[in-house]
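Here's the structure, in structure tokens; my notes come after.
Coordinate-derived values only; no laboratory data. This one's a predicted model, so the numbers in the text were calculated from it and none came from an experiment. Glycine also receives a Cβ, built like all others from the backbone with ideal geometry; neighbour counts cover every protein chain displayed.
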Amino acid sequence: MNIVMHWPVALVAGLAWAALIATPASAQMDMAVMQKWMTVSVVRYVVVGEYAADTMVMNAGTNGYAPVKDRVEMTFDWDQTEAKLVGVPVIKNFPSELGAIRNGAKGCRAPTLTGAYEHMSVLSLTPGLGGQLKMEARRDYPAASSPVACTGGSQAVAAKSVTETQDFVVPGVMILAGPAAASGSVKVSADRKSIISTDKGWTWTYTPTPVK
């Protein structure tokens, strides 16, 4: 099971910058923004991840779906000249919010959760390979009582926690000098202050500021 969002390849700094270089000059490249970031060696990223999607909230079966919202905030310093983490990241996880749980079969009663479902809790953000970070995250499924059939009894579903590690791509700040995209999975905010990525129910907003 893949509990962490799939990071868009388009966020890789080299590919994104190559795309910008290939963009016609008429596409509003912001030279002032480019010059600003060319003089910066260490960047502080404030990253906000917001999740909103219909999600399976039990560790077994196909009946326990609910609309889920989640949020995580991370702050870390990044040496963009050496593509490495500087210092220790600060991570803040928020409780997941669930809407009404439903049975996958129309008209059948819904399962009942006996604890809290946590969609994603980021445990750590550490140096990875190839100019990326490594993110360890956990998903917590509560115990539940699930209908066997529309007219049958219920069966117990055990609680379960799943921890996995994935690459966490750090977008190059030079993306901010390119056109402010109006659509697509990766775009630049209108004020050119943030890089926004959307994928698999997640919206990730990266807001960099110069450190030195």
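Ordering 142, 113, 55 by Cα displacement along the dipole of region 9-210 toward the positive end leaves 113 in first place; charges were set at the Cβ atoms of Lys, Arg (+1) and Asp, Glu (-1).
Averaged across orientations, what area in nm² does the convex hull of the alpha carbons in region 35-191 project? Display every interim value, and only then the final one.
Details: hull surface 46.1 nm².
That works out to 11.5 nm², a quarter of the Cα hull's surface.
Measuring against 29 Å, Cα to Cα, the residue pairs 160/200; 106/187; 69/106; 69/134; 36/69 contain 106/187; 36/69 as the ones spanning a longer distance.
Computed from phi, the 3J(HN,Hα) profile of region 169-179 under the Karplus parametrisation 6.51, -1.76, 1.60 (θ = phi - 60°) reads 7, 9, x, x, 5, 5, 4, 5, 7, x, x Hz, with x in place of Gly and Pro. The string of couplings for region 111-126 from the Karplus curve (6.51, -1.76, 1.60, θ = phi - 60°) is x, 10, 8, 10, x, 8, 8, 10, 5, 8, 10, 6, 8, 7, 9, 10 Hz, one whole number per residue in order, with x for Gly and Pro. Per residue, the average separation of C-alpha pairs within less than 8 Å and at least 6 apart gives region 9-210 a relative contact order of 24 percent.
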